[in-house]
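All of the numbers you see were taken from the coordinates with simple rules; none came from a lab. Keep in mind the model is a prediction, meaning the values are calculated, not measured. Note that each Cβ is placed from the backbone with ideal geometry, even for glycine, and that neighbours are counted across all protein chains shown.
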Amino acid sequence: MFLRNQTKPPIGVSSVQIDRLKEGIKNADAVVIGAGAGLSTSAGFTYSGERFDAHFRDFGKKYGFRDMYTGGFYPYNTPEEHWAYWSRFIYYNRNEITPKTVYQDLLQLVKDKDYFVLTTNVDHQFQMSGFDKHRLFYTQGDYGLFQCSVPCHQKTYENEEVIRRMVMKQKDMRIPTDMIPMCPICGKPITMNLCSDDHFVEDEGWHKGAYRYNEFIRRHQNMCILFWEMGVGYNTPIIIKYPFWQMTARNHKAIYACLNFGESICPQEIAQQSICINADIGAVLSIVIKGTSP
């Protein structure tokens, strides 16, 4: 179901689409936001170009990569080099707020609605922009958390203070050896709490978020609910995209909205319930709020 016949709008924004989106937000009993990496990209968290050069030119020159994403997978020879890169990466992509106001604009549109956020993003930008942390479920982890790499226990650790020290103390793209993080229980290496394999720790906070999300869906399942997907690609469609399609198909009162530059599509089965806008997310939110693009 849903995989053979899909509709994709042309690039751009029409007044009809904007009006439908405004009405969808206004009339919804509840709004479920499904956010992927494209939302943060629209907000200015780009991994290449000027931003890469500003923060990682030295790493690029030494190791030969030209974007932050590639740098995260580089096989550094030592943990001192590995953590020099990752501490700087986390510092600029988790502990700083996005340069554009896309997240704040989104909050302005839903702050008076009964909303919940389901996201695969790990950059903490929803909370930093003022969203209620009890209305958020970070399914893929958080750059701001460490976990045991084994893992020997199901607990995570806040890392902001440690990361800032690593950034401050690193020299020649290496951190001091005595700053390499190790598990306080088993002594094995620490790693980021990111869902990349079966070692991912689903801690107490993760399970609370999952419970609150499932309860939100249960309470509103037969109501007029807006499933608002933004910046979600096809790396992990089973988390947001496919469930949103399925829940829309099961509820004739539901609306599915997709904002995604280059990948805004919907199945024909729910086309009449869908609003697909193939454009920059930030520009669309600005039009909805102000009537003009930024």
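Given LYS61/LYS171; LYS113/LYS253; LYS133/LYS169; LYS61/LYS100; LYS133/LYS290; LYS253/LYS290, which pairs have Cα atoms separated by over 22 Å?
LYS133/LYS169; LYS61/LYS100; LYS133/LYS290; LYS253/LYS290, as the Cα separations exceed 22 Å there.
Quick check: the angle from helix 79-93's long axis to the longest principal axis of the chain, C-alpha only, nearest 10 degrees?
Computed tilt is about 30 degrees.
Between 0 and 90 degrees, rounded to the nearest ten: what's the tilt of helix 50-63 against the longest Cα principal axis of the chain?
Value to nearest ten degrees: 40.
Can you report the principal axis dimensions of segment 211-280 using only the alpha carbons, biggest first, rounded to whole angstrom?
Taking the Cα atoms of segment 211-280, the three principal extents are 33, 26, 18 Å.
Given points 7 Å out from each Cα along the Cα-Cβ axis, report the HIS207 to LYS22 separation in nanometres with one decimal.
Distance between label points: 4.6 nm.
Counting just the Cα atoms, what span does segment 117-247 cover along each of its three principal axes? Round to the nearest Å and put the largest first.
56, 29, 27
About its Cα centre, what dipole magnitude does the chain give when the only charges are +1 on Lys and Arg Cβ and -1 on Asp and Glu Cβ, stated in debye to the nearest 20? Don't skip to the end; give the middle numbers.
Working: 32 positive and 31 negative charges, 71 e Å.
Using only the charged Cβ atoms, the result is roughly 340 debye.
Using alpha carbons only, how many degrees (0 to 90, rounded to 10) separate the axis of helix 204-220 from the longest principal axis of the chain?
So the inclination is approximately 0 degrees.
Work out, step by step, the length gained on full extension between GLN246 and ASP112: first 0.36 nm times the residue separation, then minus their alpha carbon distance; give nm to one decimal.
45.6 nm
Under a point spin-label approximation (7 Å from Cα along Cα-to-Cβ), what is the ASP197-TYR234 distance to one decimal in nm?
2.6
Can you pull the one-decimal nm distance between simple spin-label points at ASN214 and LYS188, each 7 Å off the Cα toward Cβ?
Distance between label points: 2.7 nm.
Binning every alpha carbon pair distance of segment 1-123 at 5 Å from zero, what are the percents per bin?
In order of increasing distance, the bins hold 2, 8, 14, 16, 15, 13, 10, 9, 7, 4, 1, 0 percent.
Label point 7 Å out from MET223 along Cα-to-Cβ: which residues of segment 24-58 have amide N under 11 Å?
Answer for segment 24-58: 28-32.
Sorting check: for 209-221, 240-252, which peptide has the highest mean count of neighbouring beta carbons within 10 Å, and how do the rest follow?
Result, highest mean Cβ count within 10 Å first: 240-252, 209-221.
Loop only per DSSP, at most 14 neighbouring Cβ atoms within 10 Å: give me the chymotrypsin sites (Phe, Trp or Tyr not before Pro) in segment 20-127, ordered by residue number.
Details: sites: PHE45, TYR47, PHE52, PHE56, PHE59, TYR63, PHE65, TYR69, PHE73, TYR76, TRP83, TYR85, TRP86, PHE89, TYR91, TYR92, TYR103, TYR115, PHE116, PHE126; in loops: PHE45, TYR47, PHE65, PHE73, TYR76.
Passing both the DSSP loop test and the Cβ count: PHE73.
Between CYS152 and SER48, 0.36 nm times their residue separation minus their Cα-Cα distance comes to what?
33.9 nm
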